[in-house]
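First comes the structure, then the notes that go with it.
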Amino acid sequence: MTSVKLKLKDSDVQKLKEIAHSFNNEAGELINVLHKSQEHFGYLPAEVQEVVAEELNIPVAKVYGVVTFYSFFTMLPRGRYPISICTGTACYVRGAEKVLDEFKRILKVPVGETTADGKFSITCLRCVGACGLAPVVMVGDKTYGRVTTDGVKDILKEYENEE
Amino acid sequence: MELIKLTIDNRTVEVEKGTTIFLAAKQLDITIPTLCYMNLKDLNIEHKPGGCRICVVEVEGRRNLAPACATECSEGMVVKTHSVRVLNARRTVLELIISDHPFDCLVCAKSGMCDLQDMAIKLGVRDIPFKGEKSTYKPDFSPAIIRDMDKCIMCRRCETMCNDFQTVGVLSGIHRGFEAVVAPAFERDLDHSECTYCGQCVAVCPTAALTEVDHTLQLINDLSDPAKTVVVQTAPAVRAALGEEFGMEPGTLVTGKMVAALRQLGFNFVFDTDFAADLTIMEEGTELLDRLTRHLNGDKEVKMPILTSCCPGWVSFFEYHYPDLLDVPSTARSPQQMFGAIAKTYFAEKQQLNRKEMIVVSIMPCVAKKYECTREEFATDGNPDVDYSISTRELAKLIKSANIDFKALPDEDFDKPMGESTGAAVIFGTTGGVIEAATRTAYELHTGEELEKVDFEALRGFEGIRSATVNFKGVDINIGIAHGLGNARKLLDDVRAGKSDYHAIEIMACPGGCIGGGGQPLHHGDTSILKARSKAIYAEDEGKTLRKSHLNPDIIKLYDEYLGKPGSELAHKLLHTHYFDKKTRQISVD
Ligand code: SF4
Ligand code: SF4
Ligand code: SF4
Ligand code: FES
Ligand code: FES
C-alpha cells in the first residue's frame, strides 16, 4: 500500500491525542481510535498511524496490520465525493462488480485511488446492511440503490456542476 | 488439579484439564506433526495460532477434524492421530501450502534445515495438484537479515518472538487472505524499522523467509587471496554449539576441533574473541568501579546503575526505545569490536601490516554482529575494524563444503597473542556470565584481596530476570540480570522511573544469552539444548587455570606495551564508543 507523505500540523497531532484520550489511551480500543481518526482526517496516512501507535503505546507495525486488514480503512486521501461500492454477497450477486468496473472505466482510477482533480475516489465496502437495495453505491453520505451500469453515468452527472 | 482421561490411538492417557491433544499425545510419545506451532518451554512461550492445520486429528463424534495443537482434551475423548482420513487431510493441507511456495529447494538457503521441506518428505508429497497464483514480494536485504516473503507460510512465529518475547514489535501480520504476509510497518525495509537484528525471528522461522545475510562466499574469496592476511576470532558461545551441526550431543565442547578446522580452512591467524572479552572486563570493570566509588562517595552526578554494552542487539534496543538513557550503559565496545580495533592496530604493527592488507573475520552465534560490523563508528578511513561476521551455522556449512571430517579432527590451540583467555571470558557466552566475570575482577581490584571462590552461583540460571547481592567487603553490590529484550524492558522501565536499586545490570538480547543467539544451530523448539550449551560453557570455565580477566598475561602485556592502563586515552579511542538516538531518526523515514 502506498502512502502520501505529509507533515502533520500541531493541531492535527492535538486532535489525535484527544481522540486517543477519549478512549483512555487503551490499546484494546485501536479500531475505534482509527475509526474516529479516519472520520476526522478522511484517511490514515503513516504519520497519523505513528501518532496513534505512540498514544496507545503499541508498535506501529500492529497499527498498520489493522489498517491493512480492514478494507474500511484507507491510507490514501479520499476525493471530495468518495464513492463506495458495496461488494458484500447480496450486492455482488446482483452485479456490483459490473457497476464497479463502470466507475473505474469512466473515472479512469483503480479502487483505492482518487481522480487527479481530487474530486472522486473509489473504495469497496463489505455489506452495508441495505441488501434489499442491492447493489448499493454510496457517494459521501448519500445512498443509491439498485444501481445498474447504465445508472453510473447518471449518478456522476449529479456532481457535474459541483466543485 | 482436575484430571481427565482420554484415548489416543487406542491407548488411555490421563492429563490435567486444559491440556491440548498435542501435549497429551506427547505423554504417550506420539508426536503429531506440526508446522506453525512452537513450544519454547524454558522461555514460557507457547505459540499456537492454529493456522496451518497440519496437526489435524480425528475426534470421535465430531464432524470436522480438530487441530491438535489448539484443541483441549475433554473427558472420554477418543482421538485418532493417523487414520486414513487424517493422513489424507494433512497431505492436502500441505499441498495447498506448497502450492503457494517457490519450488527452488535445491538452491535454497534453508535446504536441509527447513521444517516445510521436512514435512513434505515426512508426508510423502510427490506432486502438487493445485496450480494457482503464487504471491511475489520484493526481497528485503538489510545488513544482517534477508526477508524473502515468497517463502513465508504465515506461521507467525516470528511475530511472537519479536512482539511478545523481545517486545520490539517490528513485525506484524498485514493484509488478509491470499495477500496476508508478515512485515514491518508500512512494508518498509527492516533497515528502516526499529529492528535490533537480534535474529530471534530468524531462529524460529521454519522456512527461508527469514535468513541471515550470508558472507561465506566473500570469505572463501578472501581466504584464497594471497595478498590478504586473514585473521579470525571465535565467540565463546560458538564452541558450545558448533558440534551439534556435526551430529554431536548438545553441550559438547569443540574448542580444539574448531581451531583445527579454521586452520585447515586457511586462516592465517586463529584467535579468540575471549581475549577481547577479558579486555572488555578490564575496561568495563574499571568503569564500573569508578562510577561505583563516586556513587558511594555521594556523587549525585554519576549515573547508576551501569549497564553492560557487549550485545549489539541490546544496544540497538536502547538506542530506539530509551534514547533518554543513552548515558547509562557502559561505553565499552563489544568484545567483537574490541578485538577488531586491537587486531588492526596493535597486532598489525607487530606484524608490520597495513590494515588494508588485513581481513578480520568473526565467527559469532549472533545475527546482530553482522550489523554491528557495518556501524560507521567502528571503521577507520572507511576500513572496518571487523570486516564481516559469519554465524555458527555458516561456519558449519563452510567446514562441510571444504570436506573436512570435523569429528575426526585433533584438538589444536589458538594462536598467540590474541588467543589467550581466562575462564571469565568464556562465560560471556551465557546469561549472567558477563556480570560474573566483571564481579570477579571488580571485587579483587576494589578490595585488594583474592577471592576465595570465583564461582558466583547466585548469578547463574535461566530465569528471565535474576538478581543477587554480592558483598564487596562491607559494601553490598546489587546486581541485576536480564536475557531477552522483553525482560530487559522491565528493568529499564524501573531505571527510567528512578526506581532501580541496582548498581550493575547485565543485559543480553537472546534467550540464555549468546548460546541462544540468532546465528546458532537451530534448536527446533527444544530449549533444553540451550541449557546443555550453558553447562558446557561453565565446564570450560572450570577447566581453565586462569579464571579472572585481570590475570590474562597477554592482556597485561597489551596494557604494558601499548594501551597504558584501563581507561587511558588510547583505550578510550580504541575500545569505547558512544550511542545514538535512533528514535527520532526512525520516525517518518520512507
Ligand atoms: S516469516 Fe517465517 S516465521 Fe514469520 S510467519 Fe513467515 S514463515 Fe513464519
Ligand atoms: S531481528 Fe529481532 S528485532 Fe528484528 S525483526 Fe527479528 S525478532 Fe524483531
Ligand atoms: S545476546 Fe549475544 S547472540 Fe544475541 S544479539 Fe546479543 S550478542 Fe548477539
Ligand atoms: S451486500 Fe451490499 S448491502 Fe448487504
Ligand atoms: S501446528 Fe496446529 S495448526 Fe499449525
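Given a 1.4 angstrom probe, I'd like the percentage of the accessible area of the protein assembly as shown that is carbon and sulfur, rounded to a whole number.
About 50 percent, which is the carbon plus sulfur part of the accessible surface.
Counting only helical runs of four or more DSSP H residues, what would the 222 nm mean residue ellipticity of the protein assembly as shown come to if each run contributes -39,500 (n - 2.57) and the total is spread over all its residues?
That comes out to -10000 deg cm²/dmol.
Give the residue from A:96, A:118, A:85 lying farthest towards the positive end of the charge dipole for chain A; charges sit on Cβ (+1 for Lys and Arg, -1 for Asp and Glu) and the dipole is referred to the Cα centre.
Positive-most Cα among the choices belongs to A:96.
Starting from 0.36 nm per residue, how many nanometres of slack lie between residue B:400 and residue B:104 once their C-alpha separation is accounted for?
Residue separation times 0.36 nm, minus the Cα-Cα distance, leaves 104.4 nm.
Which aspartates and glutamates does residue A:104 reach when only Cα atoms under 19 Å apart count, and residues fewer than 8 places away in its own chain are ignored?
Counting by Cα, and skipping residues close in sequence, residue A:104 has these aspartates and glutamates nearby: A:113, A:117, A:150, A:154, A:158, A:160.
Using 0.36 nm per residue of separation minus the Cα-Cα distance, give me the extension gain between residue B:445 and residue B:561 in nm, one decimal.
39.7 nm
Can you give the relative contact order of chain B as a percent, counting alpha carbon pairs under 8 Å and 6+ residues apart?
16
So for each of A:146-154, B:189-197 I average, over its residues, the number of other beta carbons within 10 Å; can you give me the resulting order with the highest mean first?
With the highest mean Cβ count within 10 Å placed first, the list reads B:189-197, A:146-154.
With a 1.4 Å probe, what is the total accessible area buried between chains B and A, in Å² rounded to the nearest 100?
Accessible area lost upon association: around 1500 Å².
Explain nothing, just the number: relative contact order of the stretch B:365-436, from Cα pairs under 8 Å at least 6 residues apart, as a whole percent.
Rounded, it is 18 percent for the stretch B:365-436.
Residues of the stretch B:162-178 with accessible area at least 30 Å² lower in the all-protein-chain context than alone (1.4 Å probe)?
B:169, B:172, B:174, B:175, B:176
Estimate the FRET efficiency between residue B:293 and residue B:227 by the formula 1/(1 + (r/R0)^6), using the beta-carbon distance for r and 56 Å for R0, to the nearest 0.05.
0.70
Mind checking which lysines have their C-alpha under 18 Å from residue B:453, skipping anything on the same chain fewer than 8 residues away?
B:473, B:544, B:548
Let me have the relative contact order for the stretch B:45-110, percent, based on Cα pairs under 8 Å that are six or more residues apart.
31
For chain A, what is the charge dipole size about the Cα centre, in debye to the nearest 20, if Lys and Arg each add +1 at the Cβ and Asp and Glu each add -1 at the Cβ?
For chain A, the charge dipole is close to 440 debye.
Can you tell me the length gained on complete extension of the stretch residue B:545 to residue B:351, counting 0.36 nm per residue apart and subtracting the Cα distance?
Stretched fully, the residue B:545-residue B:351 segment lengthens by 67.0 nm.
Pop the C-beta distance of residue B:11 and residue B:582 into the FRET formula with R0 = 60 Å and round what comes out to the nearest 0.05.
0.60
Just the accessible area for residue B:249, please: 1.4 Å probe, Å², rounded to the nearest 10?
130
Pull up the cross-link candidates among the aspartates and glutamates for residue A:153, meaning alpha carbon to alpha carbon under 14 Å and not fewer than 8 places away within one chain.
A:101, A:102
Place a +1 charge on the Cβ of each Lys and Arg in chain B and a -1 charge on the Cβ of each Asp and Glu, then give the dipole magnitude about the Cα centre in debye, rounded to the nearest 20.
1540
So, by mean Cβ neighbours within 10 angstrom, what's the order for B:180-187, A:101-108 with the highest one leading?
Ranked by mean Cβ neighbours within 10 Å, highest first: B:180-187, A:101-108.
If you count only protein heavy atoms with a 1.4 Å probe, what accessible area per residue comes out for the stretch A:22-163, rounded to a whole Å²?
Computed with neighbouring chains in place, this is 50 Å² per residue.
Enter the Cα centre distance for the pair the stretch B:110-148 and the stretch B:60-88, rounded to the nearest angstrom.
If you average the Cα positions of each part, the centres end up 28 Å apart.
So for the protein assembly as shown, taking the charge dipole from beta-carbon charges (+1 Lys/Arg, -1 Asp/Glu), which of A:42, B:87, B:359 sits furthest toward the positive end?
B:87
Looking at the protein assembly as shown only, what percent of DSSP beta bridges run antiparallel? Nearest 5 please.
Here the antiparallel bridges make up roughly 55 percent for the protein assembly as shown.
Quote the charge dipole size of the stretch B:477-518 about the Cα centre in Debye, to the nearest 20; the model charges only the Cβ of Lys and Arg (+1) and of Asp and Glu (-1).
Roughly 120 debye, rounded to the nearest 20.
Compute the distance in nm between two label points, each set 7 Å from the Cα along the Cα-to-Cβ direction, one at residue B:327 and one at residue B:457.
Taking the simple label geometry, residue B:327 and residue B:457 are separated by 4.2 nm.
Going toward the positive end of the dipole of the protein assembly as shown, with +1 on Lys and Arg Cβ and -1 on Asp and Glu Cβ, which of A:143, B:391, B:313 do you reach last?
Of the candidates, A:143 comes out farthest on the positive side.
What GluC sites (Glu not before Pro) does the stretch B:231-330 have in DSSP loop regions with at most 16 other beta carbons within 10 Å?
Taking the stretch B:231-330 and a limit of 16 other Cβ atoms within 10 Å, the loop GluC sites (Glu not before Pro) found are B:301.
Kindly state, to the nearest 0.05, the FRET efficiency for residue A:143 paired with residue B:137, given R0 = 22 Å and r defined as their beta-carbon distance.
0.05
For a test of the definition: using alpha carbon positions, the gyration tensor, and the 1.5 limit on a/c, classify chain B as rounded, prolate or oblate.
prolate
Pairs to check: B:344/B:557; B:356/B:573; B:344/B:583; B:41/B:535. Give those whose C-alpha atoms are more than 23 Å from each other in this structure.
The pairs that break the limit, which is 23 Å between Cα atoms, are B:344/B:583.
The values are calculated or read from the model by the stated rules, or taken from the named source; none is laboratory data. Source: prediction; values computed, not measured. In this analysis, Cβ positions are derived from the backbone assuming ideal geometry, glycine residues included, and neighbour counts consider all displayed protein chains. The area values use the complete protein model at the heavy-atom level, side chains included, leaving out ligands, DNA and RNA. Shrake-Rupley method; radii C 1.70, N 1.55, O 1.52, S 1.80 Å.
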